[in-house]
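The structure appears right after this line, and notes come after that.
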């Protein structure tokens, strides 16, 4: 099992534990904010399973039906996670408004304070690890899961503070208000995640830093390359597909041009992990025609 799969399994185990704990304690003390957090963690659990499936599928080699590989499964997984987060936020707001309208007494919030503190700490540790692995291995699915859990850190802290204030002041209305604030934070995280995961499905170009690395390598071969144009790129999960047209001197043999392309492609692949490079060679006469 590779490190990305291990990270995804860690997220699954963490979310099973927290979902169970929050749901039991939320029902026990009658807190809509704690129950909302249980729903959020259940949402996280489903997202973790999606991330696990995505990272295991994305590493499959290209095949006849997927000649460019399976990288975009990670972007699809991240987009699904964003939709799930939006849905969870809507449910939480609905439940909180219902409690504001009809009221409802909550029992001693002590256990709720305990589970929220544990949740914030555990999610901070797990999300930090997921984000680290996701960035290191260019995994959109793991980064999405890490962002998802990092949101849980802030929302758990929000509920923790809300329950603490209830214990100090006795004002039960703080509970549904805290739940609504949790939902608003969740919506912001869902929007950010949508931007990161969905746009590459539209064949969005690689970032400027990546493209500058490509042009810097090409510029090193200015004695052999007359010019290059039609430089294109697109992301698919952690994979980056790059292609360009390169103009060489007309006296250069096919073998020499082929060797030059191989050298440049290997340089780019070494500098930009998980990149695939395709170079179309043109003779100098072609740009004068």
Using the alpha-carbon centroid of each, what span in Å lies between the range 1-62 and the range 127-154?
12 Å
Per-residue counts of other Cβ atoms within 10 Å, averaged by peptide: what ranking do you get for 8-14, 78-84, 140-146, highest first?
140-146, 78-84, 8-14
Computed over the Cα atoms of the range 86-195, what is the ratio Rg over Rh, Rh following Kirkwood?
1.04
Could you tell me the ratio Rg/Rh of the range 15-98? Both radii from Cα atoms, Rh via Kirkwood.
1.17
With angles folded into 0 to 90 degrees, how steeply does helix 3-29 sit against the dominant principal axis of the chain? Use alpha carbons for both and round to 10.
20 degrees
With 10 Å bins from zero, work out the P(r) of the range 208-287 over every alpha carbon pair and list the percent per bin.
18, 55, 23, 4, 0
Viscosity 1.002 mPa s, temperature 20 °C: give me the Stokes-Einstein translational D for the chain in µm²/s, with Rh taken as the Kirkwood radius over C-alpha pairs.
100 µm²/s
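Given the DSSP H assignment, sum -39500 (n - 2.57) over each helix run of at least 4 residues in the chain and divide by its residue total; what's the result at 222 nm in deg cm²/dmol, nearest 500? Could you put the intermediate results ahead of the total?
Working: 8 runs with 197 residues, N = 289.
Estimated from H runs of four or more residues: -24000 deg cm²/dmol.
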For residue 98 paired with residue 219, estimate the spin-label separation in nm (one decimal), with each label point 7 Å from Cα along the Cα-to-Cβ line.
6.1 nm
So how do 253-264, 46-57 stack up, highest first, on mean other-Cβ count within 10 Å?
46-57, 253-264
Take the Cα atoms of the range 139-289, find their three principal axes, and give me the spread along each one in whole Å, biggest first.
87, 28, 19
What fraction of the DSSP beta bridges in the chain is antiparallel, stated in percent and rounded to the nearest 5?
50 percent
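Computed from the coordinates by the stated procedures, all read-outs in this text should not be read as laboratory data. Keep in mind it's a predicted model, so treat the numbers as computed, not measured. In this analysis, Cβ positions are derived from the backbone assuming ideal geometry, glycine residues included, and neighbour counts consider all displayed protein chains.
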